[in-house]
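The values are calculated or read from the model by the stated rules, or taken from the named source; none is laboratory data. Bear in mind that the values here come from a model prediction, so they are computed numbers and not experimental data. As a convention, Cβ positions derive from the backbone with ideal geometry for all residues, glycine included, and neighbour counts pool all protein chains shown. Protein only, heavy atoms only, side chains kept; ligands, DNA and RNA dropped before computing areas. Shrake-Rupley method; radii C 1.70, N 1.55, O 1.52, S 1.80 Å.
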Amino acid sequence: MFLAAGVPEDQIEDVLEYFRAFGGAAKIISVTDYEISLSTRAVMEERLDADDVHSPAARYLIALVERIADWEDQAS
């Protein structure tokens, strides 16, 4: 899913390690991070069951949506 969303292959393991260590998505700190996050969210929402809130992928998506909202709140 990360590759389909445009996350560079050499960064996927870092994303997963952060999730395993901290249980969420990393903070968005740049416009590029934001754009990749939007793409990742779109791909994940398309592929995950809407009722799934417990799988690791679903938990990551929930955390990612929170980070996107934080970024958008800061931008406005």
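Please report the projected area of the range 1-44's Cα convex hull averaged over all directions, in nm². If you can, show how the numbers build up before the last one.
Values: hull surface 11.4 nm².
Mean projected area of the Cα convex hull: 2.9 nm².
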Using the Cα centre as the reference, give the magnitude of the dipole from point charges on the C-beta atoms of the chain (Lys, Arg: +1; Asp, Glu: -1; all else neutral), rounded to the nearest 20 debye.
120 debye
Taking a point 7 angstrom from the Cα of Gln74 along the C-beta vector, which residues in the range 18-52 have backbone N less than 13 Å away?
26-35
Just the accessible area per residue of the chain, please: how many Å² with a 1.4 Å probe?
66 Å²
Where does the Debye-calculated log10 I(q)/I(0) of the chain sit at q = 0.15, 0.25 Å⁻¹, using only Cα point scatterers of equal weight, no solvent?
-0.47, -1.32
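Report in % the part of the accessible area of the chain that belongs to carbon and sulfur, leaving out ligands and nucleic acids; probe 1.4 Å. Walk me through the numbers on the way to the answer.
Working: 2630 of 5050 Å².
Here carbon and sulfur together make up 52 percent of the probe-accessible area.
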Multiplying the sequence separation of Ile62 and Ser30 by 0.36 nm and subtracting their Cα-Cα distance, what value in nm do you get?
9.6 nm
